[in-house]
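The values are calculated or read from the model by the stated rules, or taken from the named source; none is laboratory data. Just so we're clear, the structure is a prediction, and the values are computed from it rather than from any experiment. Methodologically, a virtual Cβ is constructed for each residue, glycine included, from the backbone with ideal geometry; neighbour enumeration extends over all protein chains shown.
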Amino acid sequence: MNNHSLMYIDSPEGLYRKDYSRRVEGFIDFSVSNMKNISEGKIKCLYVKCKNKKFLQSDVVMMHLLKK
């Protein structure tokens, strides 16, 4: 199973699994609540291209993790 397979296990149409989406939301909530992860109101993005180095708005991080 590759890293992205968790998103699609229950969905042959390619729709996101609800539990994956909830986990992403939980990660975003945790990141926002943890002051060491925040810089100027932005959080670090875990998306591969961002390499956990870019600070972005939480909604952008969520879209990176859900769509990419």
If we keep only residues of region 7-59 that are assigned to a helix (DSSP H, G or I), among the small types (Gly, Ala, Ser) and at pLDDT below 90, then the residue farthest from the chain's Cα centre (by Cα) is Ser33
When region 34-61 is checked residue by residue, the ones that are closer than 18 Å to Arg23 by Cβ and touching a Phe, Trp or Tyr at 6+ places or on another chain (Cβ under 9 Å) are Asn37, Ile43, Lys44, Cys45, Leu46, Val61
A careful count of residues in region 27-47 that are closer than 15 Å to Leu66 by Cα, touching a residue at least 24 places away in the same chain (Cβ under 8 Å) and not β-branched (Val, Ile, Thr) gives 1
